[in-house]
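Heads up: the structure comes next, in structure tokens.
The values are calculated or read from the model by the stated rules, or taken from the named source; none is laboratory data. What you are looking at is a predicted structure, and each value in this text was computed from that prediction instead of being measured. Neighbour counts are summed over all protein chains in view; Cβ atoms, including those assigned to glycine, are modelled from backbone coordinates with ideal geometry.
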Amino acid sequence: MPSGLGAGAARRAGPRRRGRGRGRGRGRGLMAPPPSFIWTRRIVLTLLTLFALIPVYVMVSSSLKPLQDVTSTFRWIPDPLTLSAYHDIWFTVPLGRYFLNSLIVSTSAAAASVAVAIFAAYAVSRYGFRGKRIFTTAVLATQMFPGILFALPLFLIFVSIGNATGIPLYGSRGGLIITYLTFSLPFAIWMLTSYFESVPRALDEAALVDGCGPVRALFRVVIPAALPGIIAVTIYAFMTAWGEVLFASVMTNNTTRTLAVGLADYSTQNNVYWNQIMAASLVVSVPVVAGFLLMQRYLVAGLTSGAVK
Amino acid sequence: MTVSLRRDAPRSRSGRLLQRIRKGGLPYLFLLPALLLELLVHFVPMIFGILISFKQLTLFFIRNWTGAPWAGLGNYRLVVDVHGAIGSALLHSFVVTCAFTVLAVGLSWLFGTVAAILTQDSFRGRGALRTIFLTPFALPVYASVIIWAFMFQYNNGLVNELLHNVLGITSRPSFWLIGHNSFFALVIISIWRNWPFAFLCVMAGLQGIPRDLYEASAIDGAGIWQQIRRITMPSLRAVNQVLVLVLFLWTFNDFTTPFVLFGASAPSPADVVSIHIYNASFINWNFGEGSAMSVLMLIFLLLVTAVYLLGTSRRRNNA
């Protein structure tokens, strides 16, 4: 486990420093913690690092092995190394098409979800209105529904709408986009509300006094001030759509199939191409992992303001 | 708004009324798109789902599903009859799901909380550790389950290599994706996937604790373990209330993990409810029964959530 050891060594080498004067809640006491605490920390964090990273290491190392090395006993170090899996993945199954479908669906769903959530969050954070509590509760309650309960009715509704109006929702990317955008909507509204609350009201009130309408105040003042949060929520919405499986398997057909379903194709062949599966897993993970790690800071900030309230 | 109101002031009374409606209606206008979409994708299908649970909707009627005959409480009677084949299978699946949820949520919460508390102070490498800990949560679920499925393979998996060949814990390689072990495979994957979320939430919660509290207690002579017990844990109560509930709902309803790991039919020891219902609906093509099962699960989740929120809120108020 070279990567795990690396992180562990870096941590062990570091002398303890108290994060002084960097805002509230950072750092705990004035005294250095006792050895019992330091040792607990080293051991527990090393174990958790191994737990978190071993699967990632397995993915990366197996993707660099030739096929015969992933079908026999597991070996820690890939030898010989080959990049052929990264070439082959595009031809064993139509990965390019799945990738494009996922990209279209997830991007549209994320953009639409955030656009809708911005207005809803603006209403919740800036206006008092009747039914506000019911709305926020109902939106969060949708998180509770088992997906399986509305997968079939939604499927039937989409088919009926298609038959009645000729708008193809079933089997099309459009249907999947609408479905996915509502999946990330509750969380997006909740997070954006807490971001908007952190924008001082005086700012948009000043804009209103200057003659802006509420919509212009939202676009000129509130959105620019909450932009990091909006980006974080967009990435989250993208990830939600990118990783969803149940509706992708019910609502798509051969031409609109997304990665979430398409990756299974590698193992329905006579041979299970584990090296290609691992290479493909890595390729489909890179966009979301990169996005998530870039925005984690903002996500914590949004959760914090939500938690403090 | 103020300015435009003033501009309209000299106008007629009806103009002012219109203005007031516009102002009062504005938040609703902003909410409308969100509301419509939630209705279309969540609430209306749910109501249809409840209707279907009272119908005999089999493959035969799928083309004309509104024409399927009513079954009354027939579907419900069938799925709660614990002496019948369908009912006993559902009960088994429900018990499996409860055990799975309790184990996975408990350990995910524990790992996340411990990690967040241990990384509360800054030390060199803390930022890197955070990134590492969050990586499992950032990976697409299906990709992580596929990786774990590979690790759990009998012949060429890492888990058997580690337990059998390296550590020598097991006397012979074990099957992980069939038989009793499949339950633990499911639990482990679920924990791996969800503990970073607990870590993230607790980390956010920790930042809300004022530093003065720790400083004051340190002056009073409290050690770090005491601080954790007396200050950190009580301060996290609000975060934990939401966190545990969200983890519970996610884990209980989790479909992706068992579906990607086992396919449409899971081995009996790991036959969680979501996959069981999928099987009844889309493999056996009996949507009425499947819907009745889903409705029962929804009622169960509503009850647990209500009791949980009442219980934890009261305790928080008393504290």
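Here is a yes/no grid of residues against (1) surrounded by fewer than 17 Cβ atoms within 10 Å (Cβ to Cβ); (2) among the basic types (Lys, Arg); (3) at the interface with another protein chain (Cβ under 10 Å from one of its Cβ atoms); (4) not in a loop (DSSP other than H, G, I, E, B):
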position	(1), (2), (3), (4)
B:ILE86	no, no, no, yes
B:CYS98	yes, no, no, yes
B:THR101	no, no, no, yes
B:PRO136	no, no, yes, yes
Kindly provide the set of residues from the stretch A:47-79 that are hydrophobic (A, V, I, L, M, F, W, C) and at pLDDT 90 or above, ordered by number.
A:LEU47, A:LEU48, A:LEU50, A:PHE51, A:ALA52, A:LEU53, A:ILE54, A:VAL56, A:VAL58, A:MET59, A:VAL60, A:LEU64
From the options B:ARG172, B:ARG130, residue that is among the basic types (Lys, Arg) and without any contact (Cβ under 8 Å) to a residue 12 or more places away in the chain
B:ARG172
Can you name the condition, by its number, that A:GLY166 falls short on among (1) in contact with a Pro (Cβ under 8 Å, 6 or more places away or on another chain); (2) more than 7 Å from chain B (Cβ to nearest Cβ)?
(1)
If the requirement is being assigned to a helix (DSSP H, G or I), at pLDDT 90 or above and at the interface with chain B (Cβ under 10 Å from one of its Cβ atoms), which of these qualifies: A:VAL284, A:VAL250, A:VAL261?
A:VAL284
Any residue at all in the stretch B:257-268 that's over 15 Å from A:LEU149 (Cβ atoms), surrounded by fewer than 14 Cβ atoms within 10 Å (Cβ to Cβ), assigned by TED's automatic domain parsing to the domain that holds B:ALA104 and not small (Gly, Ala, Ser)?
no
Reported set for the stretch B:209-242 where residues are over 26 Å from B:THR305 (Cα atoms) and part of a loop (DSSP other than H, G, I, E, B) is B:ILE209, B:PRO210, B:ASP220, B:GLY221, B:ALA222, B:GLY223
Within the set of pairs 6 or more residues apart or between chains, which connect a residue that is within 11 Å of chain A (Cβ to nearest Cβ) inside the stretch B:220-237 to a residue that is buried (at least 17 other Cβ atoms within 10 Å of the Cβ) and among the charged types (D, E, K, R) with Cβ atoms less than 7 Å apart?
B:ILE224/A:ARG28; B:GLN227/A:ARG28
Would you mind finding the one in A:ASP210, A:ASP204, A:ASP265 that is within 30 Å of B:ASN155 (Cα to Cα), acidic (Asp, Glu) and assigned by TED's automatic domain parsing to the domain that holds A:ALA117?
A:ASP265
Among A:ILE167, A:ILE157, A:ILE189, which is the only one that is among the aliphatic types (A, V, I, L, M), within 23 Å of B:PHE48 (Cβ to Cβ) and in a helix (DSSP H, G or I)?
A:ILE157
Among all residue pairs at least 6 apart or on different chains, which show Cβ distances below 9 Å where the first residue, located in the stretch A:131-158, is within 7 Å of chain B (Cβ to nearest Cβ) and the second is among the acidic types (Asp, Glu) and in a helix (DSSP H, G or I)?
A:VAL139/B:GLU38; A:THR142/B:GLU38
Hey, can you tell me all the residues within the stretch B:144-167 that are of a type in the set (Gly, Ala, Ser), part of a helix (DSSP H, G or I) and within 7 Å of another protein chain (Cβ to nearest Cβ)?
B:SER144
Select from the stretch A:178-211 the residues that are away from every other protein chain (no Cβ under 11 Å) and β-branched (Val, Ile, Thr) and write down the one among them that is surrounded by the most Cβ atoms within 10 Å (Cβ to Cβ).
A:THR193
With the structure loaded, tell me whether A:GLN296 is in the same structural domain as A:PHE155 (by TED's automatic domain parsing), polar (S, T, N, Q) and free of Cβ contacts under 8 Å to residues at least 40 places away in the same chain or whether it fails that test.
yes
Does any residue in the stretch B:275-288 that is in a helix (DSSP H, G or I) come within less than 6 Å, Cβ to Cβ, of a residue that is of a type in the set (S, T, N, Q) six or more places away or on a different chain, and which pairs are these?
B:HIS276/B:SER93; B:ILE277/B:SER294; B:ASN279/B:SER265; B:ALA280/B:ASN286; B:PHE287/B:SER281; B:GLY288/B:GLN56; B:GLY288/B:ASN75
Looking at B:ARG124, is it facing chain A (nearest Cβ under 7 Å) and over 21 Å from the mean Cα position of the chain (by Cα)?
yes
